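The next block holds one structure in the form of structure tokens; read it before the comments.
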Amino acid sequence: SLFTGLLVCCTSPALQAVKIRVATFNVLGGIGESGESGRDNMEAVLARIDADIVGLQEVFSRDFSRNLAALQANLGYPYAFVPNSALDTQSRAILLSKYPFVSGSTKSITSPQGANDVTRASAAAMIDVPGTINDPVIVTAHLKCCFDADDPFRRAIEMIRIRKHLEKTGISANDNVFIMGDLNLLGNNQTYS
């Protein structure tokens, strides 16, 4: 699945907006080796989009040894944030950026110690975009999949954790926040008590 968007960062109403392009892409089973058709096709799509910031989902642990670095070099993303793993240590959501992360802003959003859930860590960071003092906060997530009765509940809990992270960092309506990823919006609406 692929989603692209445009985020406008403003310093004040009187100043010109700074535009950035963001994209999210579920690589479906890892980045893979250069030369593999799935990897080359994914890389070609990302090159055409030419986003400033990319959230990737389902990046496998084996990709960190060399596949991720090659992808970064080929597409021009010198900055990467790989969050600490949660219970799912094989399939991760990561952020790639053409701009640096604001110092101390990267955060792995995971379940609290002892939580009885299956989750992937979400990656959150503030990006130091040139030309603005209102840098965007980007969150990429890969929420719990599928149609089991408790899956929508788990997705809701993961979104609550993201919201709590944003609240804890003091994010307000005046800030630029973009939440993206494979949100797995499946099934019917449910109410939990």
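The values are calculated or read from the model by the stated rules, or taken from the named source; none is laboratory data. If you're wondering where the values come from, they're calculated on a predicted model, not measured in any experiment. All Cβ positions, glycine included, derive from the backbone under ideal geometry; neighbour counts span all protein chains shown. Keep in mind that these areas ignore ligands, DNA and RNA; they rest on the heavy atoms of the full protein, side chains included. Shrake-Rupley method; radii C 1.70, N 1.55, O 1.52, S 1.80 Å.
Quick rundown of the values:
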read-out	value
Hits in region 42-80 (condition: of a type in the set (D, E, K, R) and closer than 21 Å to Phe101 by Cα)	Asp50, Asp52
Test: residue in region 91-110 that is at pLDDT below 90 and over 14 Å from the mean Cα position of the chain (by Cα)	no
Residue list for region 23-44, filter: among the hydrophobic types (A, V, I, L, M, F, W, C), outside any strand (DSSP E or B), at negative phi and surrounded by 13 or more Cβ atoms within 10 Å (Cβ to Cβ)	Val27, Ile31, Met42
Residue match in region 1-13 (condition: open to solvent by less than 50 Å² (accessible area, probe 1.4 Å), aliphatic (A, V, I, L, M), at pLDDT below 95 and assigned to a helix (DSSP H, G or I))	no
Filter result (of a type in the set (Asp, Glu), open to solvent by less than 50 Å² (accessible area, probe 1.4 Å), assigned to a loop (DSSP other than H, G, I, E, B) and farther than 26 Å from Gln113 by Cα) within region 45-97	Asp52
Residue within region 19-34 that is at pLDDT below 95, within 22 Å of Pro130 (Cβ to Cβ) and of a type in the set (A, V, I, L, M) present	yes
Residues of region 115-170 satisfying the condition of being open to solvent by 20 Å² or more (accessible area, probe 1.4 Å), part of a helix (DSSP H, G or I), more than 26 Å from Lys19 (Cα to Cα) and touching a residue at least 12 places away in the same chain (Cβ under 8 Å)	Pro152, Phe153, Arg154, Ala156, Ile157, Met159, Arg161
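Residues are listed down the side, and each one gets a yes or a no for (1) within 13 Å of Val177 (Cα to Cα); (2) of a type outside the set (S, T, N, Q):
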position: Ala121; (1), (2): no, yes
position: Ala125; (1), (2): yes, yes
position: Thr132; (1), (2): no, no
position: Pro136; (1), (2): yes, yes
position: Thr140; (1), (2): yes, no
position: Cys145; (1), (2): no, yes
position: Asp148; (1), (2): no, yes
position: Phe153; (1), (2): no, yes
position: Ala156; (1), (2): no, yes
